[in-house]
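Can you read through this structure? Questions will come right after.
The values are calculated or read from the model by the stated rules, or taken from the named source; none is laboratory data. Note that the structure is a prediction, hence the values are computed from the model and not measured. Every residue, glycine as well, gets a Cβ built from its backbone with ideal geometry; the counts of neighbours run over all protein chains shown. Just the protein is used for accessible areas: all its heavy atoms, side chains included, with ligands, DNA and RNA removed. Shrake-Rupley method; radii C 1.70, N 1.55, O 1.52, S 1.80 Å.
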Amino acid sequence: MVKRNAARNSILAITKTDGSIITSVLDIAQEFVDFYASLLGTEDQTLPVDDGVFHWGPSLTSELASNLCRAVILAEVKTAVFQISDNKVPGLDGYTSCFFKKAWNIVGDLVCRAVMDFFRSGADVTAAQPHHYCPCAQI
């Protein structure tokens with residue numbers, strides 16, 4: 001299933017604006033970078049941010065603002081995972097959210113720990129220690 005998803009999510013060739021076809025992975029990647037860089041413009045064309053814009057319109061109360069900074073609890077993590085459509089793939093491993101739901105009794109603690117570690121530290125813990133949080137390694 002992982003290989004199938006990787007193949008389905010791959011771009012094997014693209015046609016450039018001049019009509020030529022690119023098949024090299026590095027050339028395809030560079031073409032995307034070049035295309036989107038051309039859409040962004042240059043740094044010289046940007047305007048300074050007007051700090052006054054932050055005072056326009058509605059803003060959060062102190063209570064709501066502090067609620068955004070509170071610790072995430074286990075029940076919220078589980079609720080969020082179970083609200084994802086079954087055919088969605090929340091990570092790079094290719095496993096659908098249906099897998100995580102069906103195997104929650106096995107992987108739930110690891111998923112919750114990874115999510116809560118992320119919110120505590122702000123770092124992507126799965127990139128730093130993939131073997132600690134990869135549910136498939138535990139099954």
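Counting other Cβ atoms within 10 Å, which trypsin sites (Lys or Arg not before Pro) in region 47-112 have at most 15 and lie in a DSSP loop?
R70, K88
Something else now. To the nearest 0.05, how large is the calculated FRET efficiency for Y36 and A123 if R₀ is 25 Å and r is the Cβ-Cβ distance?
According to the calculation, E is roughly 0.40.
Let me ask another. Assuming R0 = 41 Å, what is the FRET efficiency of A65 and R8, from their Cβ-Cβ distance, to the nearest 0.05?
The formula returns an efficiency of 0.45 here.
What accessible area per residue, rounded to a whole number of Å², is obtained for region 20-106 using a probe radius of 1.4 Å?
Solvent-accessible surface per residue comes out at 84 Å².
Please compute the Kirkwood hydrodynamic radius over region 1-123, one decimal place, Å, based on all pairs of different Cα atoms.
After inverting the mean inverse Cα-Cα distance, the result is 19.5 Å.
Right, something else. Taking K and R as +1 and D and E as -1, what net charge do the other residues with C-beta under 15 Å from the C-beta of S20 add up to?
Here the count lands on -3.
Over the alpha carbons of region 57-107, what is the largest minus smallest coordinate on each principal axis, giving the biggest first in Å?
Sorted from largest, the Cα extents of region 57-107 read 40, 25, 17 Å.
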